[in-house]
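Taking it in order: structure first as structure tokens, then the write-up.
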Amino acid sequence: MARKIKYDCRGIAHIYQRGFNMSVIFYSVKDILVFYTLLYELKKKYKITVLGVVFMYNHYHLLIKAKSQEVISCFMRDLETTYSKEFNKDAGKKGPVFVPRYGLSNKRWDKKQREAAAYLYNNPVEKQLSINAVGYRWNFLAYAKSDHPFSEKLVVRKASDKLRKCLQEVKFMFNHDAFLNYTILRKCFIRLSREEGNQLIDFIITTYNVVDYNEAIRLYGSYEKMLTAFDSNTGNEHDLKEEYSDRSYKGYVSSIRSLSNVYGFNNPKEVLQLSEEDRRILSRRLANQSQVSSFIAETLLHIYQPQPRRFS
């Protein structure tokens, strides 16, 4: 992953990475938790500080500090290689998961760093997945002030035996410096009620605490000022060129739900085992029945072909 832009260790790196051909890389909570816990283990290994992360179906953003460009290169190589292997094994497919080169932008000065943070945390607001930054689970902003922002408070002694066993498995993996794989997550979630599942998610996120919230808050002075800034300014990112995508990502929510509820895929990624012809037929059905754009349907089913750029 050799890059033209070199990281300046006096600042912050804003990293942007998307799925190959804009394809979806996060279909489910399990995908996110595999990537998230892997991110924790590798940030610890490479002594990287994470100021922000957001998962957005077909791409993700990171805001990080590292000792050098070489450290970032090794970190990103391990992160994407390992996740790609896990993702493909779970999906029963082969081939690239990410584009070969991630985007990297240096943010040396405070103003640029604040703009990048606002842009990252507000990505789900811009894509109409949340009404405000703190309301989106997968930018982890709400976890700066609560260990259970999306579930009832977990009282272990009152938890069911099934939930307690899952908590023990998570603690075991965490104490052995290991990320959570699909086998463990699937075995856990299939045992639990919806509310218990949400409690387990919050427990995993706070146990594998990826984001250094103090570093992020330092850019604004306080958590409250940071939230106010995010609500009033979505930030900007002129240094990273994102490819075309729909203005709204709501279509991903309804389409993934349809894969499970209408088409019977227990694991939505298993749809990628269909032939390309069958996926194209299904793409048209999703576009018609779920009233989503062809971009959403095609990137969901890994058949989207970006148009080559034209230069005048």
## Note on the structure
In terms of the charge dipole of the chain, which places +1 on Lys and Arg and -1 on Asp and Glu at the beta carbon, the residue among Leu120, Ser293, Tyr40 farthest towards the positive end is Tyr40
#### Entry: Residue-averaged 222 nm ellipticity for the chain, from DSSP H runs of 4+ at -39500 (n - 2.57), nearest 500
-14000 deg cm²/dmol
## Note on the structure
hull vol. (C-alpha, convex hull) per residue for region 158-207, Å³ -> 71
#### Entry: lysines whose Cα lies under 19 Å from that of Lys145, excluding same-chain neighbours fewer than 8 positions away
Lys153, Lys225
### Query
Considering only His14, Leu272, Ile205, whose Cα is most displaced toward the positive end of the charge dipole of the chain, charges sitting on Cβ of Lys, Arg (+1) and Asp, Glu (-1)?
His14
### Query
Given the alpha-carbon gyration tensor of region 250-300, what are the semi-axes of its equivalent ellipsoid in whole angstrom, ordered largest first, with each equal to the square root of 5 times an eigenvalue?
15, 13, 9
### Query
How far, in nm, would the chain grow between Cys9 and Lys89 when pulled straight, counting 0.36 nm per residue and subtracting the alpha carbon separation?
25.2 nm
### Message
On a full-extension model of 0.36 nm per residue, what is the gain between Ser293 and Arg280, subtracting their alpha-carbon distance, rounded to one decimal in nm?
### Response
3.3 nm
#### Entry: Per-residue Cβ neighbour rank within 10 angstrom, fewest leading, Asp278, Asp90, Asp161
Asp161, Asp278, Asp90
### Query
So, in nm, how far is label Ser254 from label Phe20 when the simple model puts each one 7 Å beyond its Cα toward the Cβ?
3.0
### Query
If we sort 51-60, 177-186, 120-129 on the protection proxy, mean other Cβ atoms within 10 Å, highest first, what's the order?
51-60, 120-129, 177-186
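How long is the gain from Thr228 to Thr206 if the chain were fully straight, where each residue apart is worth 0.36 nm and the alpha carbon distance is subtracted? Display every interim value, and only then the final one.
Numbers: separation 22, 0.36 × 22 = 7.92 nm, distance 2.36 nm.
This chain segment gains 5.6 nm when fully extended.
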#### Entry: Cut-off under 5 Å, modelled amide H: who pairs with Phe98 long-range
Phe20
### Message
Output wanted: per-residue J couplings in Hz (rounded whole) for region 88-101, from phi through Karplus 6.51 cos²θ - 1.76 cosθ + 1.60, θ = phi - 60°, x for Gly and Pro.
### Response
5, 5, 5, 7, x, 9, 10, x, x, 9, 10, 5, x, 10
### Task
Sort by residue number and name the cysteines in the chain that have no neighbouring cysteine Cβ under 4.7 Å.
Cys9, Cys74
### Task
Output ³J(HN,Hα) for region 136-143: one whole-Hz value per residue in order, computed from phi by the Karplus curve 6.51 cos²θ - 1.76 cosθ + 1.60 with θ = phi - 60°, and x for Gly and Pro.
9, 5, 8, 9, 6, 5, 5, 6
### Task
With label points built 7 Å along Cα→Cβ from the Cα atoms of Ala178 and Arg247, find their separation and express it in nm.
4.8
### In nm, spacing of pseudo-spin labels at Val262 and Lys45 (7 Å Cα→C-beta vector)
4.1
### Summary
Quick calc, Glu195 & Thr81: beta-carbon distance into FRET formula, R0 35 Å, rounding 0.05, result 0.45
#### Entry: Proximal lysines to Lys269, defined as alpha-carbon separation beneath 25 angstrom and excluding residues fewer than eight positions away on the same chain
Lys30, Lys85, Lys89, Lys93, Lys94, Lys127, Lys187, Lys250
### Query
If you look at just the Cα atoms of the chain, how large are its Rg and its Dmax in Å?
19.3, 67
#### Entry: Local electrostatic count at Pro149 - Lys and Arg +1, Asp and Glu -1, tallied over other residues with Cβ under 13 Å
0
### Task
Count the DSSP beta bridges whose two residues both fall in the chain, then state the antiparallel fraction as a percent rounded to the nearest 5.
100
### Task
Treat the count of other C-beta atoms within 10 Å as a stand-in for reagent exposure and order Asp246, Asp202 from fewest to most.
Asp246, Asp202
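Each reported figure results from applying straightforward, stated rules to the coordinates on display, with no laboratory input. Here the structure is a predicted model, which is why all the values come from computation and not from measurement. Every residue, glycine as well, gets a Cβ built from its backbone with ideal geometry; the counts of neighbours run over all protein chains shown.
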